[in-house]
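Colleague: Here it is: the structure, laid out below.
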Amino acid sequence: MGTFMVIAGFSPETDLPLMNAVISEEVAQVQLLRADGRMGAVHVSPAKGRVFLEVLAESEDDARATVETLPMAKWWDIEIYPTVGPPPAATS
């Protein structure tokens, strides 16, 4: 399983009142994805209109499919970056 950093920006067509109405659904879906081992950290930068998601998946397509289960994904422009962990610590 790989780790992906997903950066999502809100599209200009975002309906803010409708988006606010699905916040509880969004939180519930994130909790389900975490329990299933498919999502890690979630960070939101309201000032920049960006969401940062750590997604665990077999491929970039699987990572996208995971993100698209989130209710707010319909308003996001999504970029997906495969990541690698830090190098192993040096041993003496």
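FYI, it's all coordinate maths here, none of it is from the lab. For clarity, every value in this text was computed on a predicted model and none was experimentally measured. In this analysis, Cβ positions are derived from the backbone assuming ideal geometry, glycine residues included, and neighbour counts consider all displayed protein chains.
Colleague: How big is the dipole moment of the chain about its Cα centre under a simple scheme where the beta carbon of each Lys and Arg is +1, that of each Asp and Glu is -1, and everything else is neutral? Debye, nearest 20, please.
Modeller: Value, rounded to 20: 320 debye.
Colleague: Can you tell me how much longer the chain between THR3 and ASP62 gets when fully stretched, taken as 0.36 nm per residue apart minus their C-alpha distance, in nm with one decimal?
Modeller: 20.2 nm
Colleague: Could you work out how much longer the chain between MET19 and THR69 gets when fully extended? Use 0.36 nm per residue separation minus the Cα distance between them, nm to one decimal.
Modeller: This chain segment gains 16.5 nm when fully extended.
Colleague: Something else now. If a paramagnetic tag sat 7 Å from the Cα of GLU79 along the Cα-Cβ line, which residues of region 1-40 would have the backbone N under 13 Å from that point?
Modeller: Residues 5-10 fall inside that zone.
Colleague: Computed from the coordinates I sent, Rg and Dmax of the Cα atoms in Å equals one of [x] 13.4, 39; [y] 14.2, 40; [z] 14.5, 57. Tell me the label.
Modeller: Correct label, based on the coordinates given: [z].
Colleague: Another question about this same structure. Over the chain, calculate the relative contact order: mean separation of alpha carbon pairs under 8 Å at least 6 apart, over the residue count, as a percent.
Modeller: Worked out over the chain, it gives 47 percent.
Colleague: Just to confirm a number: summing +1 for Lys and Arg and -1 for Asp and Glu over residues other than LEU18 whose beta-carbon lies under 15 angstrom from that of LEU18, what do you get?
Modeller: Once all neighbours under 15 Å are counted, the net charge is -3.
Colleague: HIS43 to VAL30: extension gain in nm, 0.36 nm per residue of separation minus the Cα-Cα distance?
Modeller: Fully extending the segment from HIS43 to VAL30 adds 3.5 nm.
Colleague: When Lys and Arg each count +1 and Asp and Glu each count -1, what net charge do the other residues less than 10 Å away from MET1, Cβ to Cβ, add up to?
Modeller: -1
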